[in-house]
Amino acid sequence: MADKKLTLGCLGLVVIVLIILALSGVGTYNSLVKLEQDVRAKWAQVENEYQRRADLVPNLVETVKGAAAFEKDTFTAVTEARSKVGQVQLGANLINNPEAFAKFQTAQDGLSSALSRLMVVVEKYPELKATQNFRDLQAQLEGVENRITVARMRFNESAQAFNTRRMKFPTVLMAGLFGERFKEKSYFKAQAGAETAPKVKF
């Protein structure tokens, strides 16, 4: 009789432990899902801002072309950079693929660099800078660049929250069970050479 009670007590304890572990596993899974959805939402906003910039580029180039027709190398560089950005496959899976993410960032950095060169060309044409159409486009581009910076920062914060939670024990075990589903997220990094201060000449 005493052995039967002891066996039932042990069995009851095992069942309680299993229920606690199951509830803990469900909670861990749900928290990873929530954090991953936040990363995806932030990523969608990054894509949105980059798309807004890509949509501005043709208008900007056409406006500048009218005043600076012989600056063909610059226009070609901007057009090619925009084309490369369009060739990178977007989507939520990009955030789970470090190589594709790096390719995306490289293409966007190339477009940023080409647009910077275009703005340098504009400095040579005061009559262009004086037109309302160009000033409007320039203000929109500056606004988009600021929104891109903020969207990238928010994405990095969201990715950090996910990665931190993912790497904690025992969550790392749960994430490992689901393989690609909860893969570590990549971060946006500074453009190569950004650590060097630009040289200003007067």
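Output the number of residues of the stretch 135-157 satisfying the condition of being surrounded by 18 or more Cβ atoms within 10 Å (Cβ to Cβ) and over 18 Å from Tyr50 (Cα atoms).
0
Within the stretch 176-193, restricting attention to residues that are among the small types (Gly, Ala, Ser) and more than 18 Å from the chain's Cα centre (by Cα), which residue is modelled with the highest pLDDT?
Gly176
Residues that are under 15 Å from the mean Cα position of the chain (by Cα), among the hydrophobic types (A, V, I, L, M, F, W, C), farther than 22 Å from Asp38 by Cα and modelled with pLDDT of 85 or more: does the stretch 105-113 have at least one?
yes
Take the residues in the stretch 93-125 that are of a type outside the set (Lys, Arg) and outside any helix (DSSP H, G or I); name whichever of them is surrounded by the fewest Cβ atoms within 10 Å (Cβ to Cβ).
Glu123
Give the residue that is surrounded by the fewest Cβ atoms within 10 Å (Cβ to Cβ), with candidates limited to residues of the stretch 158-180 that are among the charged types (D, E, K, R) and in contact (Cβ under 8 Å) with a residue 60 or more places away in the chain.
Ranking the candidates gives Glu180 first.
Got a sec? Which of Phe169, Phe162 is within 26 Å of Asn93 (Cβ to Cβ) and out of contact with any Phe, Trp or Tyr (no Cβ under 6 Å at 6 or more places or on another chain)?
Step by step, each of Phe169, Phe162 is checked, and only Phe162 is within 26 Å of Asn93 (Cβ to Cβ) and out of contact with any Phe, Trp or Tyr (no Cβ under 6 Å at 6 or more places or on another chain).
What is the residue count in the stretch 126-175 for residues that are in a helix (DSSP H, G or I) and more than 15 Å from the chain's Cα centre (by Cα)?
Residues in the stretch 126-175 being in a helix (DSSP H, G or I) and more than 15 Å from the chain's Cα centre (by Cα): 25 in total.
For Gln132, indicate whether it is at pLDDT 85 or above and either of a type outside the set (Val, Ile, Thr) or closer than 27 Å to Arg52 by Cα (or both).
Against the criterion (at pLDDT 85 or above and either of a type outside the set (Val, Ile, Thr) or closer than 27 Å to Arg52 by Cα (or both)), Gln132 does not qualify.
The values are calculated or read from the model by the stated rules, or taken from the named source; none is laboratory data. Since we're looking at a predicted model, the values are computed, not measured. Cβ coordinates were reconstructed from backbone atoms using ideal geometry, including for glycine residues, and neighbour counts include every protein chain displayed.
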